[in-house]
Structures are given as C-alpha cells and as structure tokens.
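The values are calculated or read from the model by the stated rules, or taken from the named source; none is laboratory data. Please read all numbers here as calculations on a predicted model, not as lab measurements. Cβ: placed from backbone, ideal geometry, glycine included. Neighbour counts: every protein chain shown.
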Amino acid sequence: MKHLGRFWRSAGSGLGEQAAHLAPLALIAIIAVVSFVAPRNLQFSRFLPLAPALAASVWSVVGTVAVGVLAAAMGVVIAVTIGSVSVERTHLFTLAVIVGVTAAAAWASHVRQQREQTLADVRSVAETTQKVLLRPMPHRLGRLDIEALYLAAAAQARVGGDFYEALETVHGVRMIIGDVRGKGLPAVGAASAILGCFRTAAYDEPDLARLARRLDISTSRYITLLPGDRMEYFATALLVEIPDDGSAVRIVNLGHPPPLLLSAGKVREVTPTAPSPPINMGALIGDDYCIDTFSFAAKDQLLLYTDGVTETRDDTGAFFPLVQHAGQWDAGSPSRLLGQLHSDLVRFSHDRLDDDIAAIAVRAAAGTPSYRRGQ
C-alpha cells in the first residue's frame with residue numbers, strides 16, 4: 001500500500017512536470033490559432049512574449065532562447081499572413097518585445113538553475129546526514145523482529161529532531177526512540193549527540209536508569225555549546241531493554257508518549273508508574289528514573305512512536321486516536337503493523353501530515369538469538 005501510494009505520487013509528479021514543459025509550446029500554438037481565426041484588429045499575437053517568460057520557469061537557458069526564437073518566428077508568420085501596413089508595424093513592436101523578454105527570461109532561467117543546483121546540494125547533504133543519524137535498522141535482533149518507520153512532514157524534508165536506534169548488547173536488545181524539542185540544525189545536532197552517546201553507552205551501562213542518567217549528562221554537555229538558553233533544548237525518549245529470552249520488557253519513559261503493547265488481540269498503553277525527567281532536564285527536576293517491567297510473550301508486539309503520531313489532526317482538528325485504530329489492525333508482523341499505521345495516518349489527515357513521525361515495531365518471535373554485535 002505504501003509503495004503503491006508512492007508510485008502514484010511519483011507518476012502524478014512526472015505528468016505535472018511534462019505538462020509544465022509543454023506549456024510554453026502550447027501557449028504559442030494557441031496564440032497562433034486564435035490570431036488566424038479572430039478579427040485582425042484584436043491582434044492576439046501581442047501575447048507571444050508570454051511564451052519565453054513562461055519557459056524561464058521550467059526550461060534551461062538554451063531551451064528558453066529556443067522558445068523565444070519560435071515565438072518570434074510565429075510572430076513573423078502571423079504578420080506576413082495578415083499583411084496590413086498598420087498591423088505590420090504592430091508586429092514589429094511585438095517582435096522587439098519578444099526579443100527583450102527572451103533575453104530577460106534567459107537570465108532568469110540561468111539564476112533559477114543555479115538556485116536549483118544549490119538546493120540539490122543542500123538536499124544531498126541532508127540525505128547523507130539522515131543516513132548517519134538514522135541508520136538502517138536490522139530486521140532481526142536476537143529473537144526480535146524489528147521494523148522502523150520515518151515520515152517527514154513535507155516532501156522536501158529529510159532530517160529533523162526525531163531519532164531511533166536498536167542495538168544488540170550483552171544485556172539484551174536495547175532501543176531508544178525520541179524527539180528533540182524544536183526544529184532545524186540545533187534539533188538535528190541534539191538528536192545526533194543523543195544517538196552518539198546511546199550507541200556507546202548502551203553496551204556499557206548495567207541498567208536503563210544508569211543509561212538514562214548518562215544520556216542526560218552527555219546531552220547537557222553538548223547543549224552548553226548551543227546558542228541561547230540551554231534549557232530550551234530537551235528531548236523526550238523511551239529506553240527499552242528486552243533480554244535474550246524475550247520474555248519481558250524493561251522501559252524507562254523519559255516524558256515520552258507511552259508505547260502500545262499488542263497482545264492476544266488486545267491493545268494497551270504502557271504508562272509509567274512514576275515520571276522520569278526528559279533528557280537534559282535531570283539537573284532541573286531531578287534524576288530519579290523509574291524502570292517498568294512487563295511480560296512479552298511470543299507473537300506479542302510493541303509499538304514505539306513519537307508524538308507526531310498522536311498529534312496528527314483531521315479536518316476538524318481532532319487528534320489521531322491511536323489506541324482505537326490499533327485495536328482494529330490485523331498486524332501479524334512489524335512491517336504490516338507499521339504499514340497499517342502509515343495508511344491510517346495518511347487517511348486520517350488526508351495526506352497532510354504536519355509533523356515528523358518516527359515509529360518502531362517489535363515482535364517477540366521464537367528462535368535462536370543472532371550474534372551479538374559489540375560483545
């Protein structure tokens with residue numbers, strides 16, 4: 001479903017680009033036909049300079065000049081065909097305007113192409129940054145099947161403050177998902193700092209409380225280097241640990257939306273028994289971290305997500321009812337669960353997602369644990 005939607009959006013975008021490229025030629029043809037059939041005193045050929053002006057928005061410099069030459073040639077044909085002295089003078093003025101507009105349009109096309117190249121370079125850097133920040137997640141860790149989903153709020157967006165990671169350690173599989181407050185490069189930098197610390201500390205710290213405290217200290221040190229009030233930057237997050245036997249889950253909720261547990265056809269929110277501070281808020285409100293533990297049987301699934309999911313709105317401004325939708329899903333695998341989540345979000349918002357979304361789906365499966373990286 002997700003890939004099919006992407007195909008149709010890509011096809012529609014391709015058809016739109018083709019129509020935009022053909023528009024200047026179609027405009028010349030329409031003006032020519034109207035000029036021949038309309039009364040001579042109306043002189044529709046005066047609209048021919050619009051063609052090179054329009055071409056500048058989509059054509060190259062050479063193509064824009066070619067459209068201008070074609071428009072001028074059509075102006076000559078119309079002038080010769082109509083053939084009155086007064087009309088010829090009008091057409092000479094029209095040809096002069098076409099030449100002037102074509103020169104200006106060629107320069108505008110040159111400037112546009114330079115800006116498009118700059119934008120392409122920036123997007124390339126952003127995509128590279130995302131690949132480092134959000135590395136492809138393995139589909140299997142230990143006895144767990146895992147899938148991840150990331151949706152940018154806009155087609156142009158590539159990176160943001162949402163982050164996630166999953167690692168296989170001597171303590172079991174450890175995961176993090178979170179959302180840095182704010183947008184732009186400061187949020188990306190903070191997310192990168194948190195993930196960098198997690199990718200090291202997850203192998204070393206004996207429990208999730210120690211891991212959370214280390215993330216808080218490391219992130220606080222990084223944020224002191226950022227401009228403005230350091231307390232403006234903080235992140236909500238979930239720390240998850242699933243031992244090798246996969247029979248239980250340990251979670252520290254750092255001010256983040258509660259995960260969903262899908263078990264035996266039922267859905268429930270795993271709310272923390274006591275609050276724990278968001279990352280970089282430990283020094284302000286205390287660094288006491290609560291570890292919650294619950295059972296995780298074979299075929300159970302755990303859904304971790306950022307607030308972009310529950311804050312998605314419909315046309316009336318109502319929030320996305322995640323628990324209600326999750327209770328209707330027939331999700332036998334993490335990939336299917338995330339596919340249904342994606343479809344429901346797009347349908348609920350009428351394809352107008354206004355916040356970045358990240359999600360991880362985890363399924364307990366029988367089998368032999370895979371090799372532990374980092375041992």
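Residue-wise test of (1) assigned by TED's automatic domain parsing to the domain that holds VAL77; (2) at pLDDT 85 or above; (3) more than 19 Å from ALA96 (Cα to Cα); (4) touching a helix residue (DSSP H, G or I) at 6+ places or on another chain (Cβ under 8 Å).
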| site | (1), (2), (3), (4) |
| --- | --- |
| LEU15 | yes, no, yes, no |
| ALA20 | yes, no, yes, no |
| ALA32 | yes, yes, no, yes |
| VAL37 | yes, no, yes, no |
| PRO52 | yes, yes, no, yes |
| SER60 | yes, yes, yes, yes |
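PHE296 falls short of the stated requirement of being surrounded by 14 or more Cβ atoms within 10 Å (Cβ to Cβ) and in contact with a Ser or Thr (Cβ under 6 Å, 6 or more places away or on another chain).
Figure legend. Inter-residue proximity from the stretch 330-351: first residues at positive phi, second residues surrounded by fewer than 17 Cβ atoms within 10 Å (Cβ to Cβ) and among the charged types (D, E, K, R), beta-carbon distance below 8 Å, spacing 6+ or different chains. Indicated pairs: HIS350/ASP314; HIS350/ASP315. Considered as a group, the residues in the stretch 78-117 that are over 19 Å from ALA53 (Cβ atoms) and surrounded by 14 or more Cβ atoms within 10 Å (Cβ to Cβ) include one that is modelled with the lowest pLDDT, and that residue is VAL87. Against the test of being of a type outside the set (A, V, I, L, M) and either in contact with an Asp or Glu (Cβ under 9 Å, 6 or more places away or on another chain) or at pLDDT 85 or above (or both), the options ASP351, ASP356 yield a single qualifying residue, ASP356.
A residue that is buried (at least 17 other Cβ atoms within 10 Å of the Cβ) and either without any contact (Cβ under 8 Å) to a residue 24 or more places away in the chain or small (Gly, Ala, Ser) (or both) occurs somewhere in the stretch 245-257. If you check ALA157, ALA187, ALA193 for being exposed (fewer than 15 other Cβ atoms within 10 Å of the Cβ), of a type in the set (A, V, I, L, M, F, W, C) and modelled with pLDDT under 95, only one passes: ALA157. Exactly one residue out of LYS299, LYS266 is over 26 Å from the mean Cα position of the chain (by Cα), at positive phi and of a type outside the set (Ser, Thr, Tyr), and it is LYS299.
Checking the condition under 23 Å from PRO206 (Cβ atoms) and not hydroxyl-bearing (Ser, Thr, Tyr), which residue from ASP307, ASP244, ASP344, ASP314 passes?
Numbers: ASP307 fails: under 23 Å from PRO206 (Cβ atoms); ASP344 fails: under 23 Å from PRO206 (Cβ atoms); ASP314 fails: under 23 Å from PRO206 (Cβ atoms).
Step by step, each of ASP307, ASP244, ASP344, ASP314 is checked, and only ASP244 is under 23 Å from PRO206 (Cβ atoms) and not hydroxyl-bearing (Ser, Thr, Tyr).
A Cβ distance below 8 Å, combined with a sequence gap of six or more or placement on separate chains, defines the contacts here; from the stretch 197-222, residues that are outside the structural domain of PHE163 (by TED's automatic domain parsing) reach no residue that is surrounded by fewer than 22 Cβ atoms within 10 Å (Cβ to Cβ).
In summary, THR271 fulfils each of the numbered conditions (1) modelled with pLDDT of 90 or more; (2) surrounded by 17 or more Cβ atoms within 10 Å (Cβ to Cβ); (3) hydroxyl-bearing (Ser, Thr, Tyr) with the single exception of condition (2).
Could you tell me whether ILE176 is modelled with pLDDT of 75 or more and in a strand (DSSP E or B)? Spelling it out, ILE176 is indeed modelled with pLDDT of 75 or more and in a strand (DSSP E or B). The condition (being among the aromatic types (Phe, Trp, Tyr), closer than 28 Å to ASP245 by Cβ and in contact (Cβ under 8 Å) with a residue 24 or more places away in the chain) is satisfied by just one residue among PHE320, PHE296: PHE296. Of the residues making up the stretch 322-351, those that are exposed (fewer than 13 other Cβ atoms within 10 Å of the Cβ) and part of a loop (DSSP other than H, G, I, E, B) are GLN328, ASP330, GLY332, HIS350, ASP351.
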